[in-house]
Amino acid sequence: MLNKLVEYIKNNHPDTNVDAYLDAKYIQLNNTQLKQIADALESGELATSPASSCGANHFIFHFGSTIILLQKDTTESNAVYTAELAWETDFLSVRSVRDKAKGFYFINFEFDDDYQTTLLDTQKIIEGHVNNSEKNQQIVDKVMPVLKGFMNAISD
């Protein structure tokens, strides 16, 4: 799926630096692994720790039809990580090299040490699609427990 995403970005957002994706450590979890993390969080076996305790600085977290590019924030803001969620959709890619290609829907956000999210503007929009901040927040809220669990699982 990462190759499809990179190809989609090259075709539809040529000004984007795809190296941000290509240079990141890629981690894909299957459903069994996701369930193990969820069960460990629920049982208390996996303790939650601040986002800043995660040692990964630049990585891609992939599960299902979702890819999240994460980068540790090095600015003086309260954000610990900035993220770009890419969700494979059935929206047609208007400028794709293929006539009927699946597209990707992008949501940019950041989160603090307590995994509290803030939506950010994105330049990668689907032509003719209205960006709905409330819906975007709902999507981010759904993926954050999975992301938080994963980050806690790999924390120092």
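The values are calculated or read from the model by the stated rules, or taken from the named source; none is laboratory data. Computed from a predicted model, the values in this text were never measured in an experiment. Note that we place each Cβ from the backbone using ideal geometry, even for glycine, and neighbour counts take in every protein chain shown.
Can we say Tyr8 is assigned to a helix (DSSP H, G or I), under 29 Å from Ser77 (Cα atoms), under 18 Å from the mean Cα position of the chain (by Cα) and among the aromatic types (Phe, Trp, Tyr)?
no
Answer yes or no as to whether Ala56 is farther than 16 Å from Leu2 by Cβ, modelled with pLDDT of 85 or more and not basic (Lys, Arg).
The answer is yes for Ala56.
Can you tell which of Lys72, Lys25, Lys10 is more than 26 Å from Gln116 (Cβ to Cβ) and either small (Gly, Ala, Ser) or out of contact with any Gly (no Cβ under 8 Å at 6 or more places or on another chain) (or both)?
Selected residue: Lys10, the only one of Lys72, Lys25, Lys10 that is more than 26 Å from Gln116 (Cβ to Cβ) and either small (Gly, Ala, Ser) or out of contact with any Gly (no Cβ under 8 Å at 6 or more places or on another chain) (or both).
How about the stretch 111-134: which of its residues are modelled with pLDDT of 90 or more and either surrounded by 15 or more Cβ atoms within 10 Å (Cβ to Cβ) or part of a helix (DSSP H, G or I) (or both)?
Phe111, Asp112, Tyr115, Thr117, Thr118, Leu119, Glu134
Can you name the residue in the stretch 11-35 that is part of a loop (DSSP other than H, G, I, E, B) and over 25 Å from Ile125 (Cα atoms) and is also farthest from the chain's Cα centre (by Cα) among such residues?
Filtering the stretch 11-35 for residues that are part of a loop (DSSP other than H, G, I, E, B) and over 25 Å from Ile125 (Cα atoms), the one farthest from the chain's Cα centre (by Cα) comes out as Asn30.
Ala40 is checked against (1) of a type outside the set (Phe, Trp, Tyr); (2) crowded, with 16+ Cβ neighbours inside 10 Å; (3) over 17 Å from the mean Cα position of the chain (by Cα) and fails just one. What number does that condition carry?
(2)
Could you please tell me which pairs satisfy a Cβ distance under 8 Å, a separation of 6+ or placement on different chains, a first residue in the stretch 130-156 that is under 13 Å from Asp114 (Cα atoms), and a second residue that is in a loop (DSSP other than H, G, I, E, B) and β-branched (Val, Ile, Thr)?
That search, which allows pairs on different chains as well, returns Lys148/Thr48; Asn152/Thr48.
Among the candidates Asn31, Asn17, Asn11, which residue alone is touching a strand residue (DSSP E or B) at 6+ places or on another chain (Cβ under 9 Å), of a type outside the set (A, V, I, L, M, F, W, C) and surrounded by fewer than 19 Cβ atoms within 10 Å (Cβ to Cβ)?
The unique qualifying residue is Asn31.
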